[in-house]
Amino acid sequence: KTAEIGLIGLGTMGGNLALNIAENGFRIAVWNRTVEKTETFHAKAGDLAANLVPTKTLEEFVQAIAKPRAIILMVPAGEAVDAQIEALKPLLDADDLIIDAGNANYHETNRRDAAVTADSPRFMGIGVSGGEEGARFGPSIMAGGPKSAWEQVGHILEAISAKHEGTPCAAHLGEAGAGHLVKTVHNGIEYADMQMIAEVYGVMRDGLGLDASEISKVFGAWNEGILQSYLIEISHKVAGTADPDTGKPMLDIILDTAGQKGTGRWTAIEALMLGTPASAIEAAVAARNMSARLGERKAGQAAFGAAPGKVLGDAVSAKDLEAALVAGKIICYAQGFGLILEAARQYGWSMPLPEIARIWRQGCIIRSAMLNDMSEALGEDPERNLMLAPFFAEKLKETHGALRKVVALGALNGLAVPALSAALSYFDIMRTERSTANMLQGQRDFFGAHGFERTDKDGKGYHGPWAMNTV
Ligand code: 6PG
């Protein structure tokens, strides 16, 4: 019996995805560059081995799949994907389909999509979120590519995806790189969400003097409320875990330099390129970059001193911190969805924003209860800034005072809260009709005759006389 689908790349994510597909009753051919990996994988698959077709050569792999073929690539993003596509092309027919399931940069997916010709296989890019567990038991899947591709494999992707109230967290979101763009923004939001949680952790640790177990309890309590989410849940668990060797809290022995593979950075770059504000995400990326400069931070502390411990006394409560996080979260999602909307506009993709919020509801790293309300709010009006949806506007009215308090007390006492602070500045700018950019326009006209518009007359290209003392 031939396989219904194939998968190349049996690393952690690829292997788990293949097992998930097999478990959902689809026969799947698998191939890996090193044959031993395929053999071990098959040998360890238990009952699921019956649905796996291990293959030794690429030719054998391709022949094992029913036509028109669908082949998932789960290889490292970048050159490996291009190399794999090139190796496959001569073996495939024009109506076959190559699906890149890695964390590709969506520009590369756009390029690969544009390279599809009448006699080359079709191409689709899917974002898969949820880490190892998700890949194995149900990820969130963000697909981009031709409709025909989704018609061919959508049922498989839906079957293996996470379910929210019975509905699959997998959807076709648009053409070409649309799926990978959404995955990238997902990761940007992931960075900001994680960073804001880390910032309130810092306020609790350094500002309030709470220990890891007390902090864990606070996160645990928040996970019962409006902030209920996977990231709060795991923060509760991370803070509550002791190192078996030393008995110390894990948090106290983990080095504070954060790694990154780059998707958060891409989101920030994309926001800048598309001209759409994503300042909380940008701040989160910058915070990781600063964290990596441990040597400089040591020297900085020696030169300027760090904030003294317990510097906030009890000026800030857990309730304030929870409310600040709520406000920060709404703002960072408003920025993320704003970015997707802008990309959709510029690329002419019709991206279903409420659907995106819905498929993030389960399976992915940023899954949270609040995404229900976001999906609803975006359903009412996908073009409106999420902050202005009545539900979230109400929440922001209730919580921006706490965000302000946390950011202000942080600033006054030397506790860095960069993402929360960026979120607050965004909020304050976006609720101010008369901003300060009139000064920028004056400066631009002064030094470069760039011209400006006037508040009292129509038209563009006005210039100032720029003579001193005429006010
Ligand atoms: C997911 C994650 C995942 C990502 C890791 C690591 O949705 O499952 O976003 O795709 O690769 O979280 O990202 P960084 O190494 O950049 O933190």
The residue that is farthest from HIS186 (Cα to Cα), considering only those in the stretch 139-149 that are more than 12 Å from the ligand (Cβ to nearest atom) and not charged (D, E, K, R), is SER148
Inspect all residues belonging to the stretch 127-137 and state whether any of them is in a loop (DSSP other than H, G, I, E, B), of a type in the set (A, V, I, L, M) and within 16 Å of the ligand (Cβ to nearest atom).
no
Checked the stretch 98-111 for anything surrounded by fewer than 22 Cβ atoms within 10 Å (Cβ to Cβ) and of a type outside the set (S, T, N, Q); matches are HIS107, GLU108, ARG111
Of the listed residues (GLU270, GLU322), the one being away from the ligand (no atom under 14 Å from the Cβ) and touching a Phe, Trp or Tyr at 6+ places or on another chain (Cβ under 7 Å) is GLU322
Given the conditions (1) surrounded by fewer than 21 Cβ atoms within 10 Å (Cβ to Cβ); (2) in contact (Cβ under 8 Å) with a residue 40 or more places away in the chain, every one holds for ASP373 apart from (2)
Counting only strands (runs of 3 or more DSSP E) entirely within the stretch 23-110, those with at least 1 residues that are under 25 Å from GLY177 (Cβ atoms) are 70-73, 97-100
Practice prompt. Scan the stretch 281-299 and give yes if some residue there is β-branched (Val, Ile, Thr), surrounded by fewer than 17 Cβ atoms within 10 Å (Cβ to Cβ) and within 16 Å of the ligand (Cβ to nearest atom), otherwise no.
Written response: no
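Matching residues to (1) assigned by TED's automatic domain parsing to the domain that holds SER350; (2) buried (at least 21 other Cβ atoms within 10 Å of the Cβ); (3) among the polar types (S, T, N, Q):
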residue: CYS169; (1), (2), (3): no, yes, no
residue: GLY188; (1), (2), (3): yes, yes, no
residue: ALA192; (1), (2), (3): yes, yes, no
residue: MET196; (1), (2), (3): yes, yes, no
residue: MET204; (1), (2), (3): yes, yes, no
residue: GLY220; (1), (2), (3): yes, no, no
residue: ILE232; (1), (2), (3): yes, yes, no
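The rows are residues; the columns are (1) crowded, with 20+ Cβ neighbours inside 10 Å; (2) over 28 Å from the mean Cα position of the chain (by Cα).
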site	(1), (2)
ALA377	yes, no
PHE391	no, no
ALA423	yes, no
GLY442	no, yes
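The values are calculated or read from the model by the stated rules, or taken from the named source; none is laboratory data. These figures come from a predicted structure and were not determined experimentally. Please note: Cβ atoms are built from the backbone with ideal geometry, for glycine as well, and neighbour counts cover all protein chains shown.
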